[in-house]
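Structure first, commentary second.
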Amino acid sequence: PIFGIAGAYGVALATRSLPASLPRPAFLDALQEEAMRLAQARPTAVNLRWAVERVLLAVREQATVPEMQRTALVEAHRIHQEDEEANRRIGRLGADLLPDGCWVLTHCNTGALATGGWGTALGVIRTGWAMGKVRGVYATETRPLLQGARLTSWALLQEGIPVTLIVDSAVGALVHQGKVGAIVVGADRIARNGDVANKIGTYTLAVLAHRHGIPFYVCAPTSTIDLSTPSGKAIPIEERSPQEVTHMGWGWAPEGQIHPLAPPGVSAWNPAFDITPSDLVTAVITEAGVARPPYEQSLPALLGKRR
């Protein structure tokens with residue numbers, strides 16, 4: 001969700017950075033070019049393009065540049081507000097599905113820092129905690145950028161929710177010991193058939209959940225559902241810098257705090273996302289409702305209910 005919000009505000013900023021003296025057609029052409037650069041920044045995350053195109057559509061209906069600028073900002077604010085409201089509905093619907101008194105496992109960061117202010121998967125956990133259903137959370141460190149270690153654990157501590165941080169490779173042992181009652185994750189794109197693109201490592205969690213009979217819930221707004229993508233095979237997977245794998249802190253730590261982890265010259269493969277097949281997904285929780293298999297029927301039905 002944060003990609004969509006950022007993209008919407010990015011278009012609003014672009015309307016103010018372009019010369020206001022341009023004729024309307026030239027202004028719209030230049031804005032379209034800037035907007036498409038934004039939309040292509042994260043190819044896996046479909047709601048980035050969704051939000052960018054939504055703001056563009058609102059802007060094109062205006063007659064003057066000042067009206068375009070005002071409209072773009074209003075629409076971006078609206079997308080931001082709608083996202084927080086959607087997150088809270090996701091939280092309520094998802095919390096109802098959690099087993100009573102469970103420890104929940106989550107991956108990457110899906111809280112207020114990654115959304116409009118409440119969270120998707122972490123919003124479910126926050127709501128479940130407030131209802132007394134969640135006893136605590138296991139958060140994966142989420143290599144290589146450590147979103148779980150740096151962000152999710154911090155967010156849970158702010159809420160007073162017990163959190164235990166684990167390395168990604170400890171998940172199998174944890175689940176095997178029966179310590180996890182449910183796994184909840186977010187999504188960057190959900191295909192028509194229910195295949196899910198999410199942070200690398202999500203597929204591993206889904207396989208473990210399936211093997212051990214644990215519910216595996218995907219929590220995301222309906223803007224993440226892409227009916228034009230038939231399956232996960234058609235979802236582009238962003239690959240990031242090998243240095244994120246070979247160096248600790250690459251991409252997020254100050255330069256003096258970046259340290260090599262591997263020998264100079266070693267190659268690294270660093271996909272940012274993986275695909276979880278739909279048959280491993282217990283349910284997709286959105287603000288419009290909960291979708292269950294068969295997803296090719298339930299997901300379009302949910303979009304029809306979208307507010």
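The values are calculated or read from the model by the stated rules, or taken from the named source; none is laboratory data. All values derive from a computational prediction rather than experimental measurement. Please note: Cβ atoms are built from the backbone with ideal geometry, for glycine as well, and neighbour counts cover all protein chains shown. Surface areas here come from the heavy atoms of the whole protein model, side chains and all, with no ligands, DNA or RNA. Shrake-Rupley method; radii C 1.70, N 1.55, O 1.52, S 1.80 Å.
Condition check ((1) in contact (Cβ under 8 Å) with a residue 60 or more places away in the chain; (2) crowded, with 24+ Cβ neighbours inside 10 Å) across all residues:
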{"residue": "V104", "(1), (2)": "yes, yes"}
{"residue": "T110", "(1), (2)": "yes, yes"}
{"residue": "A121", "(1), (2)": "yes, yes"}
{"residue": "A130", "(1), (2)": "no, no"}
{"residue": "K133", "(1), (2)": "no, no"}
{"residue": "A139", "(1), (2)": "no, yes"}
{"residue": "Q147", "(1), (2)": "no, no"}
{"residue": "R150", "(1), (2)": "yes, no"}
{"residue": "L157", "(1), (2)": "no, no"}
Original post:
Is it true that G194 is on the phi > 0 side of the Ramachandran plot, open to solvent by 20 Å² or more (accessible area, probe 1.4 Å) and in contact with a helix residue (DSSP H, G or I) (Cβ under 7 Å, 6 or more places away or on another chain)?
Top reply: no
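So is A39 open to solvent by less than 60 Å² (accessible area, probe 1.4 Å) and over 24 Å from C219 (Cα atoms) or not?
The answer is no for A39.
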Subject >> Test for R70: is it of a type in the set (K, R) and within 30 Å of R143 (Cα to Cα) >> reply: no
Subject >> Entirely in region 247-307, the strands (runs of 3 or more DSSP E) that have 2 or more residues that are touching a residue at least 12 places away in the same chain (Cβ under 8 Å) and of a type in the set (A, V, I, L, M) >> reply: 283-286, 289-291
**OP:** Report, by residue number, each residue of region 218-258 that is of a type in the set (S, T, N, Q) and out of contact with any strand residue (DSSP E or B) (no Cβ under 7 Å at 6 or more places or on another chain).
**Re:** S223, S228, S241, Q243, Q257
**OP:** Output the residues belonging to region 40-60 that are part of a loop (DSSP other than H, G, I, E, B) and either touching a Pro at 6+ places or on another chain (Cβ under 6 Å) or modelled with pLDDT of 95 or more (or both).
**Re:** P43, T44
Subject >> Test: residue in region 56-76 that is closer than 19 Å to L113 by Cβ and small (G, A, S) >> reply: yes
Original post:
What residue, of L56, L73, L48, is under 25 Å from V284 (Cα atoms) and among the aliphatic types (A, V, I, L, M)?
Top reply: L48
**OP:** Would you confirm whether any residue within region 133-144 is under 27 Å from V245 (Cβ atoms), polar (S, T, N, Q) and touching a Ser or Thr at 6+ places or on another chain (Cβ under 8 Å)?
**Re:** yes
Original post:
Taking into account only those residues within region 54-94 that are over 30 Å from G289 (Cβ atoms) and without any contact (Cβ under 8 Å) to a residue 12 or more places away in the chain, which is surrounded by the most Cβ atoms within 10 Å (Cβ to Cβ)?
Top reply: Q62
Original post:
(1) touching a Ser or Thr at 6+ places or on another chain (Cβ under 9 Å); (2) farther than 29 Å from I235 by Cα: which one isn't true of G101, the others all being true?
Top reply: (1)
Original post:
Scanning for something open to solvent by 30 Å² or more (accessible area, probe 1.4 Å), in a loop (DSSP other than H, G, I, E, B) and basic (K, R), does region 233-242 turn up at least one residue?
Top reply: yes
Subject >> Residues within region 1-34 that are within 20 Å of A86 (Cβ to Cβ) and in a loop (DSSP other than H, G, I, E, B), tallied >> reply: 1
Original post:
Could you say whether any residue in region 22-36 is modelled with pLDDT under 95 and either touching a helix residue (DSSP H, G or I) at 6+ places or on another chain (Cβ under 6 Å) or of a type in the set (S, T, Y) (or both)?
Top reply: no
**OP:** Of the numbered conditions (1) of a type in the set (F, W, Y); (2) more than 17 Å from G186 (Cβ to Cβ); (3) under 16 Å from the mean Cα position of the chain (by Cα), W50 fails exactly one; give the number of that condition.
**Re:** (2)
